[in-house]
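Following: one structure in structure tokens, then a few remarks.
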Amino acid sequence: MKTINYEPPFGTVQFPDGFAEKLNGKTIEEQMQFFRIAMMDIYSQSSYGEVTDEHILKNTYSLAYSRCKGIIVKDGIIVGVLITDFTDREVPCLPYYAVTTYYASDNDGAGYKERRDSVQLICV
């Protein structure tokens, strides 16, 4: 997995309170354990109420997720990942942002039917 430096056009780096302190002094490999890739519907379900370790492990992916192609680093700390979107481009994904990984639209004569799958990087 490649590592690239953060650039401002990627978006604003935001972490939950105290999260950056958890990453300080750890290697990139150790920091990777504090991030998960979540499907948007799973994330929105888990955002209501307490997210437990069991819930995170069952319903999210590690950064070894097949669409995760790289790590974005700023000052030695992971601030995001590169995700392959629905057009097969590698795009940055920071916490609190989402990337569409699949999109389809069909007009079957009764109206449009659309499907959009997205993922989000979450801090654990």
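The values are calculated or read from the model by the stated rules, or taken from the named source; none is laboratory data. Computed from a predicted model, the values in this text were never measured in an experiment. All Cβ positions, glycine included, derive from the backbone under ideal geometry; neighbour counts span all protein chains shown.
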Take region 68-90 and flag every residue that is free of Cβ contacts under 8 Å to residues at least 24 places away in the same chain and within 14 Å of Ile37 (Cα to Cα).
-> Thr84, Asp85
Residue ID - farthest from the chain's Cα centre (by Cα), chosen from residues in region 97-113 that are modelled with pLDDT under 80 and part of a strand (DSSP E or B) = Asn107
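Against the condition under 23 Å from Glu7 (Cβ atoms), at pLDDT 95 or above and either buried (at least 16 other Cβ atoms within 10 Å of the Cβ) or in contact with a Gly (Cβ under 6 Å, 6 or more places away or on another chain) (or both), how does Leu63 come out, does it pass?
Here the answer is no, as Leu63 does not meet what is asked.
Whether any residue in region 68-87 is hydrophobic (A, V, I, L, M, F, W, C), under 13 Å from the mean Cα position of the chain (by Cα) and surrounded by fewer than 16 Cβ atoms within 10 Å (Cβ to Cβ) is what I want to check. Reasoning before the result, please.
Restricting attention to region 68-87, the residues satisfying the condition of being hydrophobic (A, V, I, L, M, F, W, C) are 68, 71-73, 77-79, 81-83, 86.
From the residues that got through so far, the ones that are under 13 Å from the mean Cα position of the chain (by Cα) too are 68, 71-72, 78-79, 81-83.
Checking the rest, the ones that are also surrounded by fewer than 16 Cβ atoms within 10 Å (Cβ to Cβ) come to none.
No, that holds for no residue.
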Looking at region 1-46, which of the residues that are in a loop (DSSP other than H, G, I, E, B) and surrounded by 11 or more Cβ atoms within 10 Å (Cβ to Cβ) is modelled with the lowest pLDDT?
-> Met1
